[in-house]
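One structure below.
The values are calculated or read from the model by the stated rules, or taken from the named source; none is laboratory data. What you see is a predicted model; the values in this text were computed from it and never measured. Cβ atoms come from the backbone with ideal geometry, glycine included; neighbour counts cover every protein chain shown. Please note that ligands, DNA and RNA were not included when accessible areas were found on the heavy atoms of the full protein model with its side chains. Shrake-Rupley method; radii C 1.70, N 1.55, O 1.52, S 1.80 Å.
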Amino acid sequence: MSHSGHGGGMGDGPACKISMLWNWYTIDACFLSSSWHITTNGAFAATCIGVILMVILLEALRRIGKEYDEHIQRDFAARVALIANGGLAPSSAAPSCPGAASSSSSSNEAVAPQTVTFRASPLQQLIRSLIHTATFGLAYIIMLLAMYYNGYVIISILIGALLGKFLCDWMTKTVVIGVDGTAAVKNGGLVGGGIDEPTVCCG
């Protein structure tokens, strides 16, 4: 089933061609609004290139979000190491890291294990939220473009996903070699890291 949208300008131009079924429309195809009305082959080619770049940008935003989270965790780990080496008392962790808290399982033992909990600062959490919002919004725009069922646009989305993964998410792992010759793979990602899930419609 297909239907036409609003025409351009004062209604005297060609109508938009919109279909709820798979189609290969080029000229007079419209996306998201009547102002995104394809009138030439060059404009349609620019649209496909733009869609590819949008998907690459989505993958880049996802990578930026992960990298920023890892940056925060490295900062936390450095503070924990400082505490463990005696350079910073657990009780003094809170002033140097906003939202940090420490607790000790006070038992009858002379040396009790300690846990230190850090929280992202308000600024760090705001930056994380902004990155997430940008990723979320861009993913939904791409989803809406896919819902036009235009074969060329969907192929462009897949090409963008391929290039975005290739350029922005190159897998790296750190192997820690012990003095006894044993080796262990250290996850370079977040806590409980591993293989990331594919991008879904909502980021």
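Numbers for the structure displayed
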| quantity | calculated |
| --- | --- |
| Meets criteria (open to solvent by less than 40 Å² (accessible area, probe 1.4 Å), under 30 Å from Y25 (Cα atoms), small (G, A, S) and out of contact with any strand residue (DSSP E or B) (no Cβ under 8 Å at 6 or more places or on another chain)) for G151 | no |
| All positions within the range 25-52 that are closer than 20 Å to L158 by Cα, open to solvent by 40 Å² or more (accessible area, probe 1.4 Å) and among the aliphatic types (A, V, I, L, M) | L32, A45, A46, I49 |
| Pairs where the first residue, in the range 23-44, is over 14 Å from Y149 (Cβ atoms) and the second is crowded, with 17+ Cβ neighbours inside 10 Å and hydroxyl-bearing (S, T, Y), C-beta under 6 Å, 6+ apart | F44/T26 |
| In the range 1-36, the residues that are among the acidic types (D, E) and at pLDDT below 90 | D12 |
| Residues within the range 98-148 that are β-branched (V, I, T), crowded, with 16+ Cβ neighbours inside 10 Å and either in contact with a Pro (Cβ under 6 Å, 6 or more places away or on another chain) or at pLDDT below 95 (or both), tallied | 1 |
